[in-house]
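**Q** I'd like to ask you about the structure that follows.
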Amino acid sequence: MHRCVGKVRSQLLEKSPTEFETFVATLWEQQGWDTTVTTASNDAGVDIIAERSGVHDEKAAIQAKKYAGSNKIGRPDIQQYDTLRRQDSDVDFVIIVTTSGFTQQAEQLASQLNVKLVNGEALAEAALDSLAESQLSTLLSPDRQDGNTEPTPEQGGSASLTEPEERPKPEKLSVSELADSLSSELTESDLTEKEAQLANLYEWYWDQRNTDFNGTAGSSLVFEFDAVDSLEVYQFLVGLHSIEFTDTKRARQARKTAQQYNWDIDNWEPVTRAGALLNLKPNGNIGEAFDPAFEARFTRIVVEGFLDTDLHTVRLIEQNPFDGMTEARTLNLSEFK
């Protein structure tokens, strides 16, 4: 791998969406394609049309998504972008190009639908291999700013179920990097936008514990994802993080990580060849010292490190009361900005 791959990816993240589309189109032209960058009002969700003549003429619809590394494209996006092929009978296949990456479920579905995927590392590698140094330098130059912003779906842009965060986001961190950042000193400014929303939700949840449930836990928060096996379950209960794995190997790796960082293992129930249940208390028995930012960061560790997805794929969070009388409540992270 080129030593400059990371630098190219970082520079691409500084480009406007329009500049990123131009970059992708130029790279495809270098590979022998004729490309057209579509206008926002006429693209019907397609960013670039690429055509190549030969013994067999080819036409591809390219979707270019400039996302930070932690914002992986999920299975719902693959389903959505695959419909682009049906909008034009001449299109042979769809290509999704991103500066980030794809969830495992997205890759599996793309393989089934013959949707081609190009992640950030492959994109940067191709650029370094195909473009002359001077051409690449010009395309990545920081003064190539046109001031354009990505159009909303209402303006004719492409609608995505996995939207990029509004605040700048760091590159996707490894489990160890996230674990090393876990601290009682975390503040909102240290969190990503989704983490901050989650911290606000957790603070509301803690306050409700006192107002509605007489100081007891009273309810759990069950997460539902777009990109996680529906049989895997993650729920949060006032400092307790409970993960039901369908993959025993991943469960054992999560347990090993917990042991490495001395997170309290409240329960461990391996089931031969059928997964395992792992309950963790990373902040110990919290008593009255609940730390929403700490718990939000740990949820990110669970979601990214253990379940191989990210907080953008959280479809909803269901609050399930324990009293058997109070109705469950469906929550959305966007409600807690």
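**Q** Of 72/116; 256/337; 15/72; 194/249; 7/72; 66/256, which ones are farther than 26 Å apart at the Cα?
**A** 256/337; 194/249; 66/256
**Q** OK, next. What whole-number value in Å² describes the accessible area per residue of segment 236-281 for a 1.4 Å probe? Let's see the in-between values first.
**A** Values: 2500 Å² over 46 residues.
Spelled out: the 1.4 Å probe surface of segment 236-281, per residue, equals 54 Å².
**Q** Please list, ordered by chain and number, the residues whose modelled amide H lies under 5 Å from the amide H of residue 93; skip anything fewer than 5 residues away on the same chain.
**A** Here 59, 61 satisfy the definition.
**Q** So how do 299-311, 197-209, 103-115 stack up, highest first, on mean other-Cβ count within 10 Å? Walk me through the intermediate numbers first.
**A** Working: 299-311: 22.1, 197-209: 19.2, 103-115: 17.5.
Going from most to least packed, we get 299-311, 197-209, 103-115.
The values are calculated or read from the model by the stated rules, or taken from the named source; none is laboratory data. Please read all numbers here as calculations on a predicted model, not as lab measurements. So basically every Cβ, Gly included, is an ideal-geometry build from the backbone, and we count neighbours across all protein chains shown. These area figures cover heavy atoms from the full protein model, side chains too; ligands, DNA and RNA do not enter into them. Shrake-Rupley method; radii C 1.70, N 1.55, O 1.52, S 1.80 Å.
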